[in-house]
Amino acid sequence: MAQRTDHQNDRYRVLLAELWATWAERGAALDAEQWGRATRLPGWSVRELYAHVAPTPGLFTRMREAVVDRPATVAHGSAVLRAYNRPDGVAHTAADLVADDARELAAAVGTGALVARFATEGPKALDGIADLAPTTVIAHPLLGTATLGALAEVAVMEATVHLLDLTAAIGGPPPPDGALQAARVLLAEVADPVEFIEAAAGRTRTAVLPVIR
């Protein structure tokens, strides 16, 4: 067996693979009624939630093609989320487009194909960039440049938050402990540290949450 390098065991890559396996396992057990069940995200069914979260294999190919040899504008997941969630950020300006894309994919792709993206296609594509270290810099259309690790942090958080959305809709166990811990730490880092600590410690009633849309 070929020896694996340290960055091939990068924590966020492992967590993402674990989350996708959970999505695949739960999707394979859903019946027609559950696929069509409403979620707590307005206008989204479970099927549309799966379509939104499902990994896109081509994205990983594009990441490899976008590797650049220059400093990263964004090197931490918290900075990615701050950029996305500022008033003029994509979390606000592109929300309707993201929802439309999820509905279109859900209507065009069968549930079996959605599950396969989590079970086989996504993991295979992720393995295809296993030689790239988390510090690898990627040209990004919205951020300028970002490290692969920063983007992975956000991907883990999103898969975790939406898995909680899935659990709220159909029941079942919570996400894996490692993913929950990673998502909690990342979201706490998005807030202003003083405001977050004072709110968490009951020293202020200033609204701190939510930190993302």
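The values are calculated or read from the model by the stated rules, or taken from the named source; none is laboratory data. The structure displayed is predicted, hence computed values, not measured ones. Cβ: placed from backbone, ideal geometry, glycine included. Neighbour counts: every protein chain shown.
Residue 164 is checked against (1) in contact (Cβ under 8 Å) with a residue 24 or more places away in the chain; (2) within 15 Å of the chain's Cα centre (by Cα); (3) under 19 Å from residue 16 (Cβ atoms) and fails just one. What number does that condition carry?
Going through the list (1) in contact (Cβ under 8 Å) with a residue 24 or more places away in the chain; (2) within 15 Å of the chain's Cα centre (by Cα); (3) under 19 Å from residue 16 (Cβ atoms), residue 164 breaks only (1).
If you check residue 110 against the conditions, is it in contact (Cβ under 8 Å) with a residue 40 or more places away in the chain, of a type outside the set (Asp, Glu) and surrounded by fewer than 16 Cβ atoms within 10 Å (Cβ to Cβ)?
Judged against the criteria, residue 110 is not a match.
For region 119-161, how many residues are among the charged types (D, E, K, R), outside any loop (DSSP other than H, G, I, E, B) and over 24 Å from residue 188 (Cβ atoms)?
3
Check 111, 120 and return the single one that is modelled with pLDDT of 95 or more, among the hydroxyl-bearing types (Ser, Thr, Tyr) and touching a Gly at 6+ places or on another chain (Cβ under 8 Å).
111
Looking only at region 115-132, count how many residues are over 29 Å from residue 47 (Cα atoms) and crowded, with 16+ Cβ neighbours inside 10 Å.
Total satisfying the criteria: 1.
Which pairs do you get when a residue that is closer than 21 Å to residue 207 by Cβ and of a type in the set (A, V, I, L, M), found in region 170-189, comes within reach of a residue that is at pLDDT below 95 and surrounded by 16 or more Cβ atoms within 10 Å (Cβ to Cβ), reach meaning Cβ atoms under 6 angstrom, with the pair 6+ apart or on two chains?
These pairs meet every condition: 187/211.
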